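Before any comments, here is the structure.
The values are calculated or read from the model by the stated rules, or taken from the named source; none is laboratory data. For clarity, every value in this text was computed on a predicted model and none was experimentally measured. Heads up, the Cβs are rebuilt from the backbone with ideal geometry, glycines too, and the neighbour counts pull from every protein chain shown.
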Amino acid sequence: MEKLFGFVDQQIDRFLDELKTLLRLESISADPAKKTACATTAQWLADHLKAIGVRESRVIPTAGHPLVYGFHPGPAGAPTVLIYGHYDVQPVDPLELWTTPPFEPTIRDGKIFGRGTTDDKGQLLIHLKAVETMLKLEGKLPVSVKFLFEGEEEVGSEALTAWLPGNKELLACDIVLVSDSSMIAKGQPSINYGLRGLIYFQVDLETATGDLHSGSFGGGVANPINVLAELLASMKDENNRVTIPGFYDDVLEITAEEQANYALLPEGTAELLASSGAEMAYGEAGFTTAQRISARPTLDANGIWGGFSGEGAKTVLPARAGLKVSMRLVPNQDPKKIAALFKDYVEKHTPKAARLKITEMHGGRWFMCPLTEPALRKGAASLEEVYGKQCLFTREGGSIPIVADMAAVLEKPVVLMGFGLNSEQAHAPNEHFDLENFQRGIKTSLLYLHKLAQ
């Protein structure tokens, strides 16, 4: 490993220059105006795979943004690792909150700033640089490696979800490796073994054909903002537990082994307050902050609107109001079941004086990798050797729906080896990626692929 690690150290400036080139491509999947940019990014990745010596690479068209596939064989009988990542990024709004332009990557304070740095272009490139290092110095890989990069992860992975079942043979592998998540803290290696699921709704209420004078009509017709506020407030009790009947029926409780793992983790409150600017921790009673944000289900309003919000006063009784709400799900909650429970609750608790429309938007299943999985343990061992500290096991509060889909379709373990940090502003202005984690990530990937061959 010493020679390989030395090459990484020597070439790190070039690797960063290549990352900057990738980051300048404005691959915002949610923006139709960026369709060409997404296609350009996919082609850049396919070309880069060829440039670093990967035997096969190609762009695969889809109904949406294209996929990128690559393959390089290892020794006969060696396992095959499928490396997944996504090249699409979030929108950049509000632009005025960026210190430097989002698509002009800038290095300062030991970090690289720009949209997609940590989610997920920086983490994706880690594995390409690890493979390049081995091919340049050793002329071969210890395992067979397949690459699958998509351009729609930030908008629900619709194209990949549709393409996946019919291409199981092309993607046949022994392990799926994903770097699209976070470590607990800088310098503290950790590995994720679970992701929460997600369901998302929009609720629209209408109580009149147009806005009304609050003096002439107030108290005589329903106010949709009041109705929505009462409805939303009724969904939580004084302990911040969701009150929808049946919501917790299938929740897999935290096991004794997991409790022991959580005991090794930072409690989480100080980090949460520092990164969020919140005054105090707040959540479901009876659980630590770390458990609340990773192993417990939640229900949160993501947006609410209606009525007058301009300068000054306007005594209006609004005709319409709306709410966006998401639920993060944990094993063994069924998204379809929870969706039906939510709809039933909203319908039963909305007064007949309001016309109701419920729209189910995107979502995905939760994911869990057994703590006994050998590939997971080898990942932890690799992180420990590179970082020089015990690797901790944790669950991620966010959702990557395609991970659960790949686990189900390919029927192989998925290892979530993230090198980001929760403080790196993914999805927000001033997104960044720690340069030390980028460099250590390449070394960890090198070591991990060698361990998988053993």
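Entry remark, the stretch 142-169: residues being of a type in the set (S, T, Y) and part of a helix (DSSP H, G or I) number 1 in total.
Does the stretch 103-141 hold any residues that are touching a strand residue (DSSP E or B) at 6+ places or on another chain (Cβ under 6 Å), small (G, A, S) and either outside any helix (DSSP H, G or I) or not assigned by TED's automatic domain parsing to the domain that holds E56 (or both), and which are they? Across the stretch 103-141, the qualifying residue is only G116. Close contacts from the stretch 17-36, counting a first residue that is at positive phi and exposed (fewer than 15 other Cβ atoms within 10 Å of the Cβ) and a second that is hydrophobic (A, V, I, L, M, F, W, C) and assigned to a helix (DSSP H, G or I), with Cβ to Cβ under 8 Å and a gap of 6+ residues or different chains, come to none at all.
Within the option set K314, K324, K336, K348, being closer than 30 Å to A208 by Cβ and within 25 Å of the chain's Cα centre (by Cα) holds for one residue only, K324.
Restricted to the stretch 43-79, and to residues there that are without any contact (Cβ under 8 Å) to a residue 24 or more places away in the chain and not in a loop (DSSP other than H, G, I, E, B), the residue that is nearest to T21 (Cα to Cα) is W44.
Yes/no per residue for (1) closer than 19 Å to I28 by Cα; (2) among the basic types (K, R):
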position	(1), (2)
T62	yes, no
Y69	no, no
T99	no, no
D109	no, no
K121	yes, yes
K129	no, yes
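Can you go through A339, A290, A301, A295 and tell me which one is surrounded by fewer than 16 Cβ atoms within 10 Å (Cβ to Cβ), closer than 25 Å to I400 by Cβ and touching a residue at least 60 places away in the same chain (Cβ under 8 Å)? It would help to see each step written out before you state the result.
Numbers: A339 fails: surrounded by fewer than 16 Cβ atoms within 10 Å (Cβ to Cβ); A290 fails: surrounded by fewer than 16 Cβ atoms within 10 Å (Cβ to Cβ); A295 fails: surrounded by fewer than 16 Cβ atoms within 10 Å (Cβ to Cβ).
Matching residue, one of A339, A290, A301, A295: A301.
What do you reckon, is L82 in a strand (DSSP E or B), touching a Cys at 6+ places or on another chain (Cβ under 9 Å), in the same structural domain as I402 (by TED's automatic domain parsing) and under 18 Å from V414 (Cα atoms)? Taking the combined requirement at face value, the residue satisfies it. Tell me the residue from A185, A172, A208 that is in contact (Cβ under 8 Å) with a residue 12 or more places away in the chain and closer than 30 Å to K343 by Cβ, please. When all the criteria are applied, what remains is A208.
Condition check for F5 on (1) in a strand (DSSP E or B); (2) over 23 Å from the mean Cα position of the chain (by Cα); (3) over 20 Å from L421 (Cβ atoms): one failure, at (1). Going through (1) at pLDDT 95 or above; (2) assigned by TED's automatic domain parsing to the domain that holds G151; (3) exposed (fewer than 15 other Cβ atoms within 10 Å of the Cβ) one by one, A313 falls short only on (2).
For every residue, the table says whether it meets (1) polar (S, T, N, Q); (2) surrounded by 17 or more Cβ atoms within 10 Å (Cβ to Cβ); (3) within 14 Å of F438 (Cβ to Cβ); (4) touching a Lys or Arg at 6+ places or on another chain (Cβ under 7 Å).
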position: K111; (1), (2), (3), (4): no, yes, yes, no
position: G114; (1), (2), (3), (4): no, yes, yes, no
position: T117; (1), (2), (3), (4): yes, yes, yes, no
position: L124; (1), (2), (3), (4): no, yes, yes, no
position: P142; (1), (2), (3), (4): no, yes, no, no
position: E150; (1), (2), (3), (4): no, yes, no, no
position: L160; (1), (2), (3), (4): no, yes, no, no
position: S181; (1), (2), (3), (4): yes, yes, no, no
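The rows are residues; the columns are (1) assigned by TED's automatic domain parsing to the domain that holds M183; (2) part of a helix (DSSP H, G or I); (3) among the charged types (D, E, K, R); (4) out of contact with any strand residue (DSSP E or B) (no Cβ under 7 Å at 6 or more places or on another chain).
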position: K324; (1), (2), (3), (4): no, no, yes, no
position: T372; (1), (2), (3), (4): yes, no, no, yes
position: A375; (1), (2), (3), (4): yes, yes, no, no
position: Q390; (1), (2), (3), (4): yes, no, no, yes
position: A407; (1), (2), (3), (4): yes, yes, no, no
position: E424; (1), (2), (3), (4): yes, no, yes, no
position: H427; (1), (2), (3), (4): yes, no, no, yes
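Report every pair of residues separated by at least 6 positions or lying on different chains whose Cβ atoms are under 7 Å apart, first residue within the stretch 129-157 and under 24 Å from K20 (Cβ atoms), second assigned to a strand (DSSP E or B) and small (G, A, S). Close Cβ pairs (under 7 Å, with a partner that is assigned to a strand (DSSP E or B) and small (G, A, S)) amount to F147/G70; F149/G85.
Quick test for you: out of V386, V330, pick the one residue that is in the same structural domain as D180 (by TED's automatic domain parsing) and touching a Lys or Arg at 6+ places or on another chain (Cβ under 7 Å).
Values: V330 fails: in the same structural domain as D180 (by TED's automatic domain parsing).
When all the criteria are applied, what remains is V386.
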